[in-house]
Each structure stands twice: as C-alpha cells, then as structure tokens.
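For reference, the structure is listed below as structure tokens.
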Amino acid sequence: MGARIVLIDDHKLFREGIKRILDFENDFEVVAEGDDGNQAIELVRNYHPDVVLMDINMPTINGVEATKNLVTQFPDVKIIILSIHDDESYVTHALKTGAQGYLLKEMDTDELIEAVKVVYNGGSYLHPKVTHNLVREYRRLANGTNTSSAFKKVEYRKPLHLLTRRECEVLQLLADGKSNRGVAEALYISEKTVKNHVSNILQKMDANDRTQAVVQAIKNGWVEVQ
C-alpha cells in the first residue's frame, strides 16, 4: 500500500496539475480533493489519508488553522503546506501548528514527489529555498546578542572526519538552498548521483531528512551561511 493523499487547494487548475503529477507515481493515490479548510477536515474524517497537501491561503479556514484542527482531531495524519510565501515567519508558524512539510508553489516535480515520500515515511521536508531562509535567520540570531541561542557562532570547519570532500560540497549546497537539480548543475553531476550523496550524508549524520542535516551542520559549524 502506498501513500493515500488528500489534496486541498482553492485554485482548481493548480490542484489538477498537482494531482496529475501524483497520479503518475505508483506509490501515491489521491483519494479526495477539496478547496477549503472545512472540506479538509471532512475529507480526512471520511477518507483517512496518510498525507494532506494543503494550500496555506484559502477562504473560510486557512491552511494553518485547518492544520491545527486536523492535528488535534487526527494526530496520525501528516500535513504538507503549499504556499507562495518563503518568509520564515510563515514557515515557523506552520511547523509549530503541526505541519511536517512546507513547499513553495514554485516547486518542481521532483521536490513535490520527494516531499510526499519523506513526510509519508515519518520525516519532515522544507522547500530548499525555505531551508536557506531559515538558515540565514538562525545565523542572524546566532550572531546577535542572544547568547542562549542554540545556534551560537562557531568556527567554520568541514566535517572531513565524517563526510567525503564531495559530500561536504553537497552539504554546503543544500545549506545554500539548492534542490537536487541545483546541486547537480553546480557540481556537473547527475541528479541520481546527488540523491546517492544526500542519502549517504543523512546516514552518516544520523539525520532523518536534509533539513535536519543542514540544521545540525550549522550548529557544528560545518557549512558557511551568507
């Protein structure tokens, strides 16, 4: 059995495009669609999906409020927010409310598929651009006067005791907000090779997903953040 998905977005054309992409994956099944937060709650109650893909800006009840209600009523459901906003305030609010993922609507097909797979399997997923913005904010706080921050300024050093030089390069590019395709283009390698490198990095760092790996790398001073 693959991931059962409920898709919530009030823009029908966008929703149809997302559904078409997901339907091409053998491990995914879009079991229901809706266009507002009220429908999201009703559809989850009726169809018991594994993952909900939900727009953040909707009439009646927005995606964040709907997420809060869903997490309370159906704690096992996993939620990925779809948004045009890359500001860290939107992201942190959505995550605090209970979402496991946050995708920008400028995402490509691979990012959508990867996000659903990661969240379905118990991880969290942030769009690469969102990850980079959060990283910059953490670094800004770390360089400020808040000495209690978990992200205190540390000396930058590559984790060559743990990762290969190529894996260090990939980790840095992930912190820079690059997608798999962006990493592949920057290093002149295939996306398949990038995926293998990312898998190795997560295993060696004992991280569930790339976001956790990047945050851990920042804490340890393993990546440079502009």
- Item | Test: residue in the range 87-96 that is surrounded by 23 or more Cβ atoms within 10 Å (Cβ to Cβ) and either among the polar types (S, T, N, Q) or in contact with a His (Cβ under 7 Å, 6 or more places away or on another chain) (or both) | no
The lone condition D110 fails out of (1) free of Cβ contacts under 8 Å to residues at least 60 places away in the same chain; (2) within 23 Å of A175 (Cβ to Cβ); (3) open to solvent by 40 Å² or more (accessible area, probe 1.4 Å) is (1)
Please verify whether the range 190-209 includes one or more residues that are crowded, with 20+ Cβ neighbours inside 10 Å, touching a residue at least 60 places away in the same chain (Cβ under 8 Å) and closer than 22 Å to A115 by Cα.
yes
Note on L202: of the conditions (1) over 28 Å from K19 (Cβ atoms); (2) at pLDDT below 85, unmet is (2)
Kindly establish whether G17 is farther than 19 Å from G122 by Cβ, surrounded by 15 or more Cβ atoms within 10 Å (Cβ to Cβ) and modelled with pLDDT under 95. no
Of P75, P49, the only residue that is outside any helix (DSSP H, G or I), modelled with pLDDT of 90 or more and buried (at least 21 other Cβ atoms within 10 Å of the Cβ) is P49
Filtering the range 52-72 down to residues that are closer than 19 Å to L103 by Cβ and surrounded by fewer than 20 Cβ atoms within 10 Å (Cβ to Cβ) yields N57, N62, E65, K68, V71
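The values are calculated or read from the model by the stated rules, or taken from the named source; none is laboratory data. Just so you know, these numbers come straight off a predicted model, no measurement behind them. Every residue, glycine as well, gets a Cβ built from its backbone with ideal geometry; the counts of neighbours run over all protein chains shown. In case anyone asks, the SASA skips ligands and DNA or RNA and just uses the protein heavy atoms, side chains included. Shrake-Rupley method; radii C 1.70, N 1.55, O 1.52, S 1.80 Å.
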